[in-house]
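Novice: Encoded as structure tokens, here's the structure I'll be asking about.
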Amino acid sequence: MELINVSSTKRVQCIDITDKVSRLVNDMGWEEGALVLFVPHTTAGITINEGADPAVHRDVEESLTKLIPYRAAYHHLEGNSDAHIKTTLTGNSALVILENGRLRLGTWQAIFFCEYDGPRSRKVWVQYLISR
Amino acid sequence: MELINVSSTKRVQCIDITDKVSRLVNDMGWEEGALVLFVPHTTAGITINEGADPAVHRDVEESLTKLIPYRAAYHHLEGNSDAHIKTTLTGNSALVILENGRLRLGTWQAIFFCEYDGPRSRKVWVQYLISR
Amino acid sequence: MELINVSSTKRVQCIDITDKVSRLVNDMGWEEGALVLFVPHTTAGITINEGADPAVHRDVEESLTKLIPYRAAYHHLEGNSDAHIKTTLTGNSALVILENGRLRLGTWQAIFFCEYDGPRSRKVWVQYLISR
């Protein structure tokens, strides 16, 4: 299992980690299969969405916050219940396909770490799964 | 990696692709493990839900559109921000288990490609992962 | 493929199944790779979130029910449309990494079976995927 480090600078922030994942694939020499990208935190998720226009992840961040407000009548008393709920809606793992030693993504796709209770230092765990 | 083609005919449309995936498993002779079903688009997702009554995916489509309206004060100017947000909520990949050369699904389960910005010609990428 | 049994006692209920999954990993002697945890039902999901404070999953349950009400103008006539929609939002599978024969989870993480139309007897299917 390998690690990727991510630093967030805002409370809610989608951070493009595609280059870090791509570099890891090259460094490790992984060839054919898939990667599990696993977020070991409970107030952060991971998603694959458009990387070209930053307005897209701004819309994702704002829409999620509209659906799940920061302050509401929550039971959990640490003041970050919204972040836990957003994590379940987004999911805490992503899968990407590897083919011929390359990460396969669609033309407009990027991999985003989704910070919901930053700023913090975070990790993404990466496990390689084989195809044959 | 293999490909499945999907054509949508509406803007928002859940399309049952179970038979296509099943046929691919037979054609490829895949035996034991799991399939990654990966949508390489940023305005379409994939989900596994009830396939028997079409009213179920109609309710899924309508509820998502109620939560994330087509038109709102979005930053992304291409008029499809709702589709990007729905993609993050649904997820762009699914996993299915293979056992003895057969796709394993629960009694009522079907695999749905979720079009959120159609009609379009789309792809699903399929990677086989092994168990032993 | 292996099975885990889960019994829910309420209509909407997040149930911690981490110990069951962990025990299965030990019993099977699985070493290195990942597990697919697949829910074969269409009115139940699976998520990884905080396991220490039960208030967290209570907030998840209540927020989801606020977003997707039990009773509304649904097309599906079985009275559980909300459960199907919550299943798509949560997802019906989770991935966990195995390293040196141990389930790897973050400090605060637990694996929750998400019942949305209980009480019922349920299953989680478990498939082991290898890393090398």
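Novice: Looking at the range C:47-63, can you tell me whether even one residue there is under 20 Å from residue B:48 (Cα atoms) and modelled with pLDDT of 95 or more?
Specialist: yes
Novice: Mind listing just one residue for me: the one in the range A:121-132 that is of a type in the set (A, V, I, L, M, F, W, C) and more than 7 Å from every other protein chain (Cβ to nearest Cβ) and, of those, farthest from residue A:36 (Cα to Cα)?
Specialist: Out of the qualifying residues, it is A:124.
Novice: Among the residues of the range C:99-111, are any in contact with a strand residue (DSSP E or B) (Cβ under 8 Å, 6 or more places away or on another chain), among the aromatic types (Phe, Trp, Tyr) and within 21 Å of residue B:94 (Cα to Cα)?
Specialist: No: the range C:99-111 contains no residue that is in contact with a strand residue (DSSP E or B) (Cβ under 8 Å, 6 or more places away or on another chain), among the aromatic types (Phe, Trp, Tyr) and within 21 Å of residue B:94 (Cα to Cα).
Novice: Of all the helices (runs of 4 or more DSSP H) wholly in the range A:1-102, which have at least 1 residues that are polar (S, T, N, Q), surrounded by 21 or more Cβ atoms within 10 Å (Cβ to Cβ) and under 15 Å from the mean Cα position of the chain (by Cα)?
Specialist: A:81-90
Novice: If residue C:57 passes every condition in (1) closer than 27 Å to residue A:67 by Cβ; (2) in contact with a Pro (Cβ under 7 Å, 6 or more places away or on another chain) but one, which one does it miss?
Specialist: Residue C:57 satisfies every listed condition except (2).
Novice: What is the one condition in (1) at positive phi; (2) touching a Phe, Trp or Tyr at 6+ places or on another chain (Cβ under 8 Å) that residue A:81 does not satisfy?
Specialist: (1)
Novice: Taking the criterion of being outside any helix (DSSP H, G or I) and touching a Gly at 6+ places or on another chain (Cβ under 6 Å), would at least one residue in the range C:104-112 satisfy it?
Specialist: yes
Novice: Now, a different point. Can you tell me which condition residue B:124 does not meet? The list is (1) touching a strand residue (DSSP E or B) at 6+ places or on another chain (Cβ under 7 Å); (2) assigned to a loop (DSSP other than H, G, I, E, B); (3) β-branched (Val, Ile, Thr), and all the others hold.
Specialist: (2)
Novice: Does any residue of the range A:104-120 turn out to be farther than 28 Å from residue C:34 by Cα and surrounded by 22 or more Cβ atoms within 10 Å (Cβ to Cβ)?
Specialist: no
The values are calculated or read from the model by the stated rules, or taken from the named source; none is laboratory data. Note that this is a predicted model, so its numbers are computed, not measured. Every residue, glycine as well, gets a Cβ built from its backbone with ideal geometry; the counts of neighbours run over all protein chains shown.
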